[in-house]
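Structure, as structure tokens:
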Amino acid sequence: MRGRAAIGLGLGLAIAVLTGIGANAVAHSNDPIEVAITIHYSHFEPATVRVPAGRPVTFVITNTDPIDHEWIVGDAATHERHRTGTEPVHDARPTEITIPAGSQKRTTVTFAPSAGSEQYICHLPGHEAYGMVGTLIVAAGA
């Protein structure tokens, strides 16, 4: 009887260790994390997103509105530049994209630990004033 109990205990410990190793491998994977953002009635949902520093994040942004929008991520200087900018369409940088009406765009970004908190804003005329602003929090181990 003691032999069977020892074998059962050994198997249970082995399963626990393997489960922990598997969970650790997933948590430290370099595969992108996917974050969904929906644009609805000229607002971002969710309005706050938390992502890990140093790991690729694929943003899947769905525009359900009948008008185009932008998703520009950056610090205050980035947004000031876009408030007075003249770029009609954004697709050259992964943190600056245009999402046409009724469409979905994907973009992958890896944020540095120093990024801290940034905003994502639509800078089309009147959209920021209407409330088309979100917050991106970059944190270690988020």
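One table, with the values for the structure above:
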| item | result |
| --- | --- |
| Cut-off under 5 Å, modelled amide H: who pairs with T135 long-range | T48, V49, Y120 |
| Compactness relative to 2.2 N^0.38 Å, alpha carbon Rg of the stretch 33-139 | 0.98 |
| Virtual spin-label span in nm between A139 and T62, 7 Å along Cα→Cβ | 2.6 |
| Inter-probe distance in nm under a simple model that places probes 7 Å from Cα toward Cβ, at D91 and I33 | 2.9 |
| Within-11-Å neighbourhood charge of D75 [Cβ basis; K, R +1; D, E -1] | -1 |
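Throughout, read-outs are computed from the coordinates displayed, never taken from laboratory work. Worth saying up front: this structure is predicted, and the values here are computed from it rather than measured. No Cβ is skipped: glycine too gets one built from the backbone with ideal geometry, and neighbour counts run over all protein chains shown.
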